[in-house]
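See below for the structure under consideration.
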Amino acid sequence: MTNKVRFKAGMYLLETLTSGMYNEPLSVYREYIQNAVDSIDQVAPGAKGNFATDITLDPFRKSIIIFDNGAGITAAQAEKTLSSIGCSGKIGTRQRGFRGIGRLGGVAFAERVVFRTKAKGESVESIQEWDCKSLRGLLTDPTRATLSIEEVFGKVTLFKQGKSSAKERDSFFEVTLEGVKSFRNQIFDIARIKEYLGQVAPLPFDPQNFNFASEINQFLSENLDNYAEYQIRLNGSPVFRPYSDLVKVTNKGSDDCIEDIKLLRFEVNGSPIAFGWYGKRKELLGAISKGEGVGGVRVKAGNITIGDEHLLDKCYRENRFNSYIIGEIHVQSPELVPNSRRDDFIDNDMKNLFYNILERELGLPLSKEIRQRSRLGKDVVGEKKTIMAAPGTAREAEGNGKKVTEKASQDGPKTENSIMQAILSQCKKCERFEKIFSEAQAS
Ligand SMILES: Nc1ncnc2c1ncn2[C@@H]1O[C@H](COP(=O)(O)OP(=O)(O)OP(=O)(O)O)[C@@H](O)[C@H]1O
Ligand SMILES: [Mg+2]
């Protein structure tokens with residue numbers, strides 16, 4: 001006779017899915033934005049109309065709120081959806097998420113997380129609260145080590161529904177992280193967040209600074225199934241992808257400009273697997289300064305970046321050549337599946353084909369060009385050149401040679417005062433932040 005052993009999933013799985021998932025605290029923003037834009041797609045495919053995601057940082061209350069006016073979740077579905085971990089209703093759709101874990105990212109950095117949502121045409125809102133402080137207490141208490149993930153979930157979460165003060169025709173999903181802490185307070189470093197979002201989130205190009213925005217957008221939306229740009233505001237100010245017609249070059253004492261773009265299409269056996277573009281630099285001498293946040297061709301799925309600026313380094317003759325180039329590759333093949341940390345794709349044959357094709361058709365030809373230009377460039381060593389921004393762009397208006405991209409602040413302990421100063425210096429005209437600031441001063 002055999003005894004059937006009951007399967008048990010222990011509570012440390014929750015630790016793996018929260019603090020174990022992301023090395024970079026800012027990844028939390030990516031996960032909530034991804035959910036927001038998936039939801040906006042449901043009510044407004046292509047993000048047309050008045051749809052946006054608002055991120056509000058309040059360093060006084062140590063809170064972060066991410067609010068979107070996408071579809072929300074119906075009162076009938078909310079408890080089931082928010083109480084499922086590791087499975088997602090998005091499977092089989094063109095939505096970006098599918099693992100059913102992304103929303104847990106904030107649990108690692110907050111004392112309390114609250115999800116609040118309402119669907120259009122309903123008057124009831126649903127709320128799920130996570131007591132993350134108690135969760136951490138349980139996870140570090142050896143006497144509770146035998147608890148199952150289900151038992152812990154029951155102890156640390158609370159679900160409720162009630163009448164909403166929002167209008168019936170409105171729908172929303174709001175994530176509130178309270179008592180937020182992260183290493184060196186990076187999660188509140190507004191310059192860093194802005195730079196991170198610029199490089200990772202599915203933001204619009206800044207047409208004031210980048211002349212090729214509409215040409216690229218047209219090409220990508222014609223060819224990709226799920227390409228769109230989404231409005232995201234940080235403490236009330238819209239954020240853009242950082243590309244511009246002018247790039248700062250490391251160690252050359254000069255700028256370079258993007259004279260044109262090349263549109264890219266990558267195929268396997270006659271079927272397209274990815275589309276993209278890169279900027280043709282006038283000089284192509286030297287790497288683009290890191291602080292610009294544009295060097296290195298980025299890889300995107302659903303317009304959200306996979307990995308970082310170094311993901312394609314190995315496709316070039318020398319890794320550093322990638323940092324000479326601005327550009328994006330947007331994947332189209334459903335076989336290119338982001339891994340759970342979203343720092344690369346899961347291993348399969350298509351991943352191999354993808355990197356091989358990028359090496360052959362992008363990295364190697366560009367490496368050759370960089371080397372050729374570098375040889376030619378030696379003839380003009382010593383001459384410091386100033387490249388002019390395209391006429392009429394915001395860059396030109398601000399003056400050539402002047403650094404116009406905010407550089408993320410250096411690593412280092414962030415005092416509350418320095419966080420405040422950073423936010424104040426960037427959000428002077430931001431109504432929402434002024435309100436937070438005056439409330440904090442009054443209290
Ligand atoms: N902003 C939102 N608007 C509407 N529904 C949301 C929102 N955020 C989360 N949800 C719902 O909660 C579910 C769980 O979100 P979660 O981020 O954990 O997983 P996912 O997005 O399905 O997959 P992934 O782990 O890949 O992100 C989603 O599938 C969706 O149904
Ligand atoms: Mg998600």
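Observations on the structure shown:
- Taking the centroid of alpha carbons for each part, region 282-332 and region 203-221 are 17 Å apart.
- Ranked by the mean number of other Cβ atoms within 10 Å of their residues, highest first, the peptides 30-40, 11-21 fall in the order 30-40, 11-21.
- Placing unit charges on the Cβ atoms only, positive for Lys and Arg and negative for Asp and Glu, gives region 12-188 a dipole magnitude near 160 debye about its Cα centre.
- The chain: most fluctuating residue of Pro238, Pro142, Pro272 per GNM, C-alpha cutoff 10 Å: Pro142
- Cα gyration tensor shape of the chain, rounded if a/c is under 1.5, else prolate or oblate by comparing a/b with b/c: prolate
- In terms of its alpha-carbon gyration tensor, region 12-188 comes out prolate; a/c meets the 1.5 threshold, and the first ratio a/b outweighs b/c.
- Shape call, region 211-368: gyration tensor on alpha carbons, a/c limit 1.5: oblate
- Highest-first arrangement of 80-90, 171-181, where packing means the average Cβ count within 10 Å: 171-181, 80-90
- Computed from label points 7 Å out along Cα-Cβ, the spacing between Ser271 and Lys163 is 5.4 nm.
- The aspartates and glutamates whose alpha-carbon is closer than 19 Å to the alpha-carbon of Lys155, local same-chain residues fewer than 8 away aside, are Glu15, Glu79, Glu111, Glu129, Asp131, Asp141, Glu178.
- The local environment of Ala47, defined by Cβ-Cβ distances under 12 Å, has a net charge of -3 under the rule Lys, Arg +1 and Asp, Glu -1.
- Applying both filters, DSSP loop and at most 15 other Cβ atoms within 10 Å, to the trypsin sites (Lys or Arg not before Pro) of region 307-347 gives Arg317, Arg341.
- Value at 222 nm in deg cm²/dmol, rounded to 500, when DSSP H runs of n ≥ 4 in the chain each add -39,500 (n - 2.57): -8000 deg cm²/dmol
- For region 112-140 versus region 15-48, the spacing of their alpha-carbon centroids is 16 Å.
- Unit charges on C-beta of K, R, D, E only; dipole of region 121-227, Debye: 580 debye
- Within region 95-174, the trypsin sites (Lys or Arg not before Pro) that combine a DSSP coil assignment with at most 16 other C-beta atoms in a 10 angstrom radius are Arg99, Lys120, Lys167, Arg169.
- Using only side-chain charges placed at the Cβ, +1 for Lys and Arg and -1 for Asp and Glu, the dipole size of the chain relative to its Cα centre rounds to 540 debye.
- The stretch between Lys48 and His310 holds 91.1 nm of extra length on full extension. This uses 0.36 nm per residue minus the Cα-Cα distance.
- The chain: antiparallel DSSP beta bridges as a percent of all, rounded to 5: 90 percent
Taken together, the values in this text are just the output of simple stated rules run on the coordinates, not laboratory data. The shown structure was predicted, so the numbers you read here are calculated from the model rather than taken from an experiment. All Cβ positions, even for glycine, are placed from backbone atoms using ideal geometry, and neighbour counts span all protein chains on display.
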